[in-house]
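Colleague: Let me begin by handing over the structure; questions about it come next.
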Amino acid sequence: MFLLLAQVILTLESFGAPLVYPLNAPLQHVQGIETDGCRLWVSSVDKEAKTGHLHLFEITTGKLLQTVRVDSGDMFHPGGMSLEGSSLWVPVAEYKRIGRSRIEQRDKQTLLLRSYFTVDDHIGCVAINGKKLIGGNWDARQIYTWSLKGAQLTRQENPQNTHYQDMKFRQGQLIASGVLGKNAGAIDWLNPRDLNLLKRVTAGKTDRGVLFTNEGMTMFGGKLYLLPEDGPSRLFVFQLP
């Protein structure tokens, strides 16, 4: 049973040593991830070139299978994304706190664009929940919900102090990871209706000094996947307790 008043329930280190898979392709600044257990989708941004990218890797070999550009004019910053069925939902924003975004639906096989809608805010991460999308803006200070056609349904303040970078919807809960401070990160399990905290896992740093929850996070098949580091990037896979 979770103790709702005790926000720190577990530490990432208590999960045991992770499996580590290097990604064998040059990436600039990594953002969000998704997986089907065999393949890994990664979004990344090149700030200097003002380009955004969506990549597909084979996990065990780290081989890059495919990559496409996702930038559109000033909107070139892709973020945390979500996979459901044959579609990936990816936010692509202007690289500034107050800006516009496109929420893109892309084919998970070809990575080609299927549809999109625009939002008058910098959206840094999205999670799909059936016929709704949940998203957070810069540092996830506000949390939105939209229909899959782009109609805004709700907008509320995030009561948690974690700056979420990636989020997923699993088993009726919103699971979001990000930065608590300079030396601390967290993965939070939230009630999607009121964003109250159900469970928190705190996270430290990799041996390169990067917070494990600095960027991409997803879960699949009882495992937690984290991609915190820019190139040369390493995927860390933890067994969930």
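The values are calculated or read from the model by the stated rules, or taken from the named source; none is laboratory data. This structure is a prediction, so every number in the text was calculated from the model and none was measured. Positions of Cβ are backbone-derived with ideal geometry, glycine not excepted, and every protein chain shown enters the neighbour counts.
Colleague: Please work out which one of (1) in contact (Cβ under 8 Å) with a residue 60 or more places away in the chain; (2) surrounded by fewer than 20 Cβ atoms within 10 Å (Cβ to Cβ); (3) within 22 Å of Q239 (Cα to Cα); (4) within 16 Å of the chain's Cα centre (by Cα) is the condition T35 fails and give its number.
Modeller: In the conditions (1) in contact (Cβ under 8 Å) with a residue 60 or more places away in the chain; (2) surrounded by fewer than 20 Cβ atoms within 10 Å (Cβ to Cβ); (3) within 22 Å of Q239 (Cα to Cα); (4) within 16 Å of the chain's Cα centre (by Cα), T35 misses (2) alone.
Colleague: Filter the stretch 158-188 down to the residues that are in contact with a Leu (Cβ under 7 Å, 6 or more places away or on another chain) and either without any contact (Cβ under 8 Å) to a residue 60 or more places away in the chain or not hydrophobic (A, V, I, L, M, F, W, C) (or both) and list them by number. Steps first, answer last, please.
Modeller: First pass over the stretch 158-188, keeping only residues in contact with a Leu (Cβ under 7 Å, 6 or more places away or on another chain): 158-162, 167, 173-174, 176, 179, 185-186, 188.
If the condition is that a residue be in contact with a Leu (Cβ under 7 Å, 6 or more places away or on another chain) and either without any contact (Cβ under 8 Å) to a residue 60 or more places away in the chain or not hydrophobic (A, V, I, L, M, F, W, C) (or both), then N158, P159, Q160, N161, T162, Q173, L174, A176, V179, G185, A186, D188 are the ones that fit.
Colleague: Considering only residues of the stretch 138-150 that are part of a strand (DSSP E or B) and free of Cβ contacts under 8 Å to residues at least 40 places away in the same chain, which is surrounded by the most Cβ atoms within 10 Å (Cβ to Cβ)?
Modeller: Y144
Colleague: Shifting gears a bit: Can we say E229 is of a type outside the set (S, T, Y), surrounded by fewer than 24 Cβ atoms within 10 Å (Cβ to Cβ), more than 29 Å from L56 (Cα to Cα) and at pLDDT 95 or above? Walk me through how you get there before you give the answer.
Modeller: On the way: of a type outside the set (S, T, Y): yes; surrounded by fewer than 24 Cβ atoms within 10 Å (Cβ to Cβ): yes; more than 29 Å from L56 (Cα to Cα): no; at pLDDT 95 or above: yes.
Against the criterion (of a type outside the set (S, T, Y), surrounded by fewer than 24 Cβ atoms within 10 Å (Cβ to Cβ), more than 29 Å from L56 (Cα to Cα) and at pLDDT 95 or above), E229 does not qualify.
Colleague: Looking at (1) touching a His at 6+ places or on another chain (Cβ under 9 Å); (2) in a strand (DSSP E or B), which is the only condition K96 fails?
Modeller: K96 satisfies every listed condition except (2).
Colleague: Before we move on, is V45 within 15 Å of the chain's Cα centre (by Cα), over 25 Å from S147 (Cα atoms), surrounded by 23 or more Cβ atoms within 10 Å (Cβ to Cβ) and of a type outside the set (S, T, N, Q)? Steps first, please.
Modeller: On the way: within 15 Å of the chain's Cα centre (by Cα): yes; over 25 Å from S147 (Cα atoms): yes; surrounded by 23 or more Cβ atoms within 10 Å (Cβ to Cβ): yes; of a type outside the set (S, T, N, Q): yes.
Spelling it out, V45 is indeed within 15 Å of the chain's Cα centre (by Cα), over 25 Å from S147 (Cα atoms), surrounded by 23 or more Cβ atoms within 10 Å (Cβ to Cβ) and of a type outside the set (S, T, N, Q).
Colleague: Among L133, L153, L111, which is the only one that is among the hydrophobic types (A, V, I, L, M, F, W, C) and in a loop (DSSP other than H, G, I, E, B)? If you could, list the steps in order and put the result at the bottom.
Modeller: On the way: L133 fails: in a loop (DSSP other than H, G, I, E, B); L153 fails: in a loop (DSSP other than H, G, I, E, B).
On inspection, the qualifying residue turns out to be L111.
Colleague: As an exercise: evaluate A25 against (1) among the aliphatic types (A, V, I, L, M); (2) over 19 Å from the mean Cα position of the chain (by Cα); (3) part of a strand (DSSP E or B) and give the number of the one condition it does not meet.
Modeller: Unmet condition: (3).
Colleague: Next question, about the same structure. Modelled with pLDDT under 95, within 19 Å of D166 (Cα to Cα) and surrounded by 12 or more Cβ atoms within 10 Å (Cβ to Cβ), is that true of L56? It would help to see each step written out before you state the result.
Modeller: Values: modelled with pLDDT under 95: no; within 19 Å of D166 (Cα to Cα): yes; surrounded by 12 or more Cβ atoms within 10 Å (Cβ to Cβ): yes.
The answer is no for L56.
Colleague: Still on this structure, please answer the following. Of all residues in the stretch 184-241, which are assigned to a strand (DSSP E or B) and basic (K, R)? Walk me through how you get there before you give the answer.
Modeller: Initial filter on the stretch 184-241 (assigned to a strand (DSSP E or B)): 184-190, 197-203, 205, 211, 216-220, 223-227, 234-239.
Matches in the stretch 184-241: K199, R200, K205, K223, R234.
Colleague: Only one of (1) touching a His at 6+ places or on another chain (Cβ under 9 Å); (2) farther than 24 Å from W41 by Cα is not met by N158, so which one is it?
Modeller: Tallying (1) touching a His at 6+ places or on another chain (Cβ under 9 Å); (2) farther than 24 Å from W41 by Cα, N158 fails exactly one: (1).
Colleague: Would you tally the residues in the stretch 174-183 being outside any strand (DSSP E or B) and buried (at least 18 other Cβ atoms within 10 Å of the Cβ)? Reasoning before the result, please.
Modeller: Of all residues in the stretch 174-183, those outside any strand (DSSP E or B) come to 182-183.
Now narrow it down to the ones that are buried (at least 18 other Cβ atoms within 10 Å of the Cβ): none.
Of the residues in the stretch 174-183, 0 are outside any strand (DSSP E or B) and buried (at least 18 other Cβ atoms within 10 Å of the Cβ).
For every residue, the table says whether it meets (1) closer than 21 Å to K168 by Cα; (2) of a type in the set (K, R).
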residue: V42; (1), (2): yes, no
residue: K50; (1), (2): no, yes
residue: G62; (1), (2): no, no
residue: R69; (1), (2): no, yes
residue: S72; (1), (2): no, no
residue: L83; (1), (2): yes, no
residue: R97; (1), (2): no, yes
residue: R102; (1), (2): yes, yes
residue: Q105; (1), (2): yes, no
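Colleague: Could you list, ordered by first residue, the pairs with Cβ atoms under 7 Å in which the first is in the stretch 203-220 and under 16 Å from S44 (Cα atoms) and the second is of a type in the set (K, R) and surrounded by 17 or more Cβ atoms within 10 Å (Cβ to Cβ), at least 6 apart or interchain?
Modeller: What qualifies is T218/K168.
Colleague: Which one of these does L113 not meet: (1) closer than 15 Å to L54 by Cβ; (2) crowded, with 18+ Cβ neighbours inside 10 Å?
Modeller: (2)
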